[in-house]
């Protein structure tokens, strides 16, 4: 599916995964609303909404930089209205913006927990809710959530329950919206990489100590990981007018998984949908814990 002429409203698009998805869409000639807080250069994190917009334009897309704190309903309302005014509507919402703090309950300040809940779960809900009236008018509307599969194993929560709760909240939202919006023809899915994505936020969080050394073997794959994730976009947003399920790849085409090899799962698993309404179901998309991603 070509994204030419489609309008994407992407949160957290000034850097990392959000920017990678925006650039992939721009390559097809898409319109991209670059929705993020960073209006001026950050001392620790690269990229602003303006630098991202320049990259999108250089790639062949059309960009609208919007300085938005998605915790603020009024700011999101204004951003959605400006996007519709500039591009005539919204075809795809990508809820990518997230706050991350990897610590257990005893070592998480309440203000950090509140921030993660406000940005990850509540922010995604606010953006989705305010975009739905415009998605209803689109030809092939989608909401894409960058969130993990709903795997309720203790190991995904014990080391960092506050963060996991906030990210799993996004997945629960995707599940609920998929059912709520099925009758309106709005597809809702979740996407989660199988491998570590060494974004600037993750590197900044882990710093230069033992945590950073722990991800070093995978860090050189950061660019490839972002590329794989962004390439998933057209595949995920394709229309399914005559199919009841998403076809699986043939076994011989699947990446070979070798125990102990750091590149065994370099490509994201996109969809593992059921037989009905595959385009509307949030997929089970990964096997690694949320501690590795932002």
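Within the stretch 105-116, is there a residue that is in contact (Cβ under 8 Å) with a residue 12 or more places away in the chain, part of a loop (DSSP other than H, G, I, E, B) and over 15 Å from residue 15 (Cβ atoms)?
The first filter runs over the stretch 105-116 and keeps only residues in contact (Cβ under 8 Å) with a residue 12 or more places away in the chain, leaving 105, 108, 112-113, 115-116.
Then keep just the ones that are part of a loop (DSSP other than H, G, I, E, B); that gives 108.
Retained after the next criterion (residues that are over 15 Å from residue 15 (Cβ atoms)): 108.
Taking every residue of the stretch 105-116 in turn, at least one turns out to be in contact (Cβ under 8 Å) with a residue 12 or more places away in the chain, part of a loop (DSSP other than H, G, I, E, B) and over 15 Å from residue 15 (Cβ atoms).
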For the stretch 142-162, which residues satisfy the criterion of being at pLDDT 95 or above and assigned to a helix (DSSP H, G or I)? 154, 161, 162
If we ask which residues in the stretch 74-100 are over 17 Å from residue 146 (Cβ atoms), in contact with a helix residue (DSSP H, G or I) (Cβ under 8 Å, 6 or more places away or on another chain) and outside any helix (DSSP H, G or I), their number turns out to be 3
Looking at the stretch 79-86, is at least one residue without any contact (Cβ under 8 Å) to a residue 24 or more places away in the chain, farther than 20 Å from residue 130 by Cβ and over 20 Å from the mean Cα position of the chain (by Cα)? no
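In the stretch 125-165, how many are without any contact (Cβ under 8 Å) to a residue 24 or more places away in the chain and surrounded by 17 or more Cβ atoms within 10 Å (Cβ to Cβ)? If you could, list the steps in order and put the result at the bottom.
Restricting attention to the stretch 125-165, the residues satisfying the condition of being without any contact (Cβ under 8 Å) to a residue 24 or more places away in the chain are 129, 133, 152-154, 157.
Those left that are additionally surrounded by 17 or more Cβ atoms within 10 Å (Cβ to Cβ): 157.
Residues that pass the stated criteria total 1.
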With the requirement that a residue be more than 13 Å from residue 14 (Cβ to Cβ) and more than 19 Å from the chain's Cα centre (by Cα), what does the stretch 49-78 give you? 57, 58, 59, 60, 61, 62, 72, 73, 74, 75, 77, 78
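Please verify whether the stretch 64-73 includes one or more residues that are touching a residue at least 60 places away in the same chain (Cβ under 8 Å) and part of a loop (DSSP other than H, G, I, E, B). Spell out how you get there, then give the answer.
Taking the stretch 64-73 and keeping what is touching a residue at least 60 places away in the same chain (Cβ under 8 Å), we get none.
Scanning the stretch 64-73, I find no residue that is touching a residue at least 60 places away in the same chain (Cβ under 8 Å) and part of a loop (DSSP other than H, G, I, E, B), so the answer is no.
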Filter the stretch 1-29 down to the residues that are part of a loop (DSSP other than H, G, I, E, B) and touching a helix residue (DSSP H, G or I) at 6+ places or on another chain (Cβ under 6 Å), then identify the one that is surrounded by the fewest Cβ atoms within 10 Å (Cβ to Cβ). 1
The condition of being out of contact with any strand residue (DSSP E or B) (no Cβ under 8 Å at 6 or more places or on another chain) and touching a residue at least 12 places away in the same chain (Cβ under 8 Å) holds, among 4, 31, only for 4
Condition test on residue 128, is it out of contact with any helix residue (DSSP H, G or I) (no Cβ under 9 Å at 6 or more places or on another chain), modelled with pLDDT of 95 or more, within 23 Å of residue 13 (Cβ to Cβ) and assigned to a helix (DSSP H, G or I)? no
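Can we say residue 123 is in contact with a helix residue (DSSP H, G or I) (Cβ under 9 Å, 6 or more places away or on another chain), outside any strand (DSSP E or B) and at positive phi? Break it down into steps so the answer makes sense when it comes.
Working: in contact with a helix residue (DSSP H, G or I) (Cβ under 9 Å, 6 or more places away or on another chain): yes; outside any strand (DSSP E or B): yes; at positive phi: no.
Here the answer is no, as residue 123 does not meet what is asked.
The values are calculated or read from the model by the stated rules, or taken from the named source; none is laboratory data. Note that the structure is a prediction, hence the values are computed from the model and not measured. Backbone-built Cβ (ideal geometry, glycine too); neighbour counts: all protein chains shown.
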